[in-house]
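Read through the structure below, which is laid out as structure tokens, and then see the notes.
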Ligand code: GAR
């Protein structure tokens with residue numbers, strides 16, 4: 001059975017979705033860069049090993065990433081799953097887990113990489129927004145896409161309302177993506193593209209605003 005380590009920084013609702021999904025893998029540890037991350041307590045309640053590696057204990061990104069990698073490697077995971085892990089990772093770290101490092105981002109990448117995705121989508125007046133699961137490459141938030149979910153942006157939406165609508169979809173697509181990975185149905189090829197082999201993808205068109 002494949003082994004995964006999950007990295008979080010806060011609430012951990014995506015981690016919770018992964019823990020509850022009955023995935024065909026062993027979640028061997030949850031690691032946070034914040035000792036007070038709410039998700040660490042949730043993981044403990046599920047009987048999962050937890051570690052806190054506070055980034056502020058390190059003088060630079062490289063030394064933090066080295067400590068993080070040492071902790072991750074002690075669990076010998078097949079995949080490292082970022083679930084609301086809010087640290088920019090060094091190129092060395094990303095390359096160390098090439099094809100095995102996965103992230104979820106609250107936008108339809110490549111639109112709205114970075115922070116404050118919901119606010120920026122509202123400001124731009126887009127009608128469709130969403131979330132993306134992707135392989136991590138050294139380009140921030142721009143690695144090959146595994147799965148995306150789109151939601152409509154509704155008239156009078158606030159960033160909070162939109163983020164809740166998107167988060168609901170995150171909790172659906174992240175377990176799906178990790179399931180495919182663990183079953184060997186999706187992988188990163190030599191051309192740095194996501195390749196699907198036997199993964200079933202339902203693809204109804206989503207058009208917004210709604211058409212009568
Ligand atoms: C999620 O919306 C996730 O997509 C986002 O942080 C939130 C974490 O929530 N991640 C990023 O913005 C990464 N660039 P959670 O802790 O409840 O899963």
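Please treat every number below as a calculation from the coordinates, not as lab data. Computed from a predicted structure; not experimentally measured.
For segment 1-80, what class follows from the C-alpha gyration tensor (a ≥ b ≥ c being the square roots of its eigenvalues): rounded when a/c is under 1.5, otherwise prolate if a/b is larger than b/c, else oblate?
On the way: a/c = 2.46, a/b = 1.40, b/c = 1.76.
Verdict is oblate for segment 1-80.
Under the classification rounded if a/c is under 1.5, otherwise prolate if a/b is larger than b/c and oblate if not, where does segment 57-212 fall, given a ≥ b ≥ c as square roots of the Cα gyration tensor eigenvalues?
Oblate shape, in that a/c is at least 1.5 and b/c is the bigger or equal ratio.
Evaluate the relative contact order of segment 37-146 (contact order divided by residue number), counting alpha-carbon pairs under 8 angstrom at least 6 apart; express in whole percent. Let's see the in-between values first.
Details: 121 pairs, mean separation 22.8, N = 110.
About 21 percent, as a whole number.
Once a ≥ b ≥ c are taken as the square roots of the eigenvalues of the Cα gyration tensor of segment 1-140, is the result rounded (a/c under 1.5), prolate (a/b larger than b/c) or oblate (a/b not larger than b/c)?
Judged from the Cα gyration tensor, segment 1-140 comes out prolate (a/c at least 1.5, a/b above b/c).
Can you give me the angle between helix 61-73 and the longest principal axis of the chain, using Cα atoms only, in degrees from 0 to 90, rounded to the nearest 10?
80
Please give the calculated 222 nm ellipticity per residue for the chain, where each DSSP H segment of at least 4 residues contributes -39500 (n - 2.57) and the sum is spread over every residue; nearest 500 deg cm²/dmol? Before the final figure, lay out each step's value.
On the way: 6 runs with 67 residues, N = 212.
After summing the helix terms and dividing by the residues of the chain, the value is -9500 deg cm²/dmol.
Would you work out the relative contact order for the chain, in percent, from Cα pairs under 8 angstrom that are 6 or more residues apart?
18
Of 31, 172, 146, which has the largest mean-square fluctuation in a 10 Å C-alpha GNM of the chain?
Highest fluctuation of the listed residues: 172.
Report, in degrees rounded to the nearest 10, the 0 to 90 angle that the Cα long axis of helix 159-182 makes with the longest principal axis of the chain.
60
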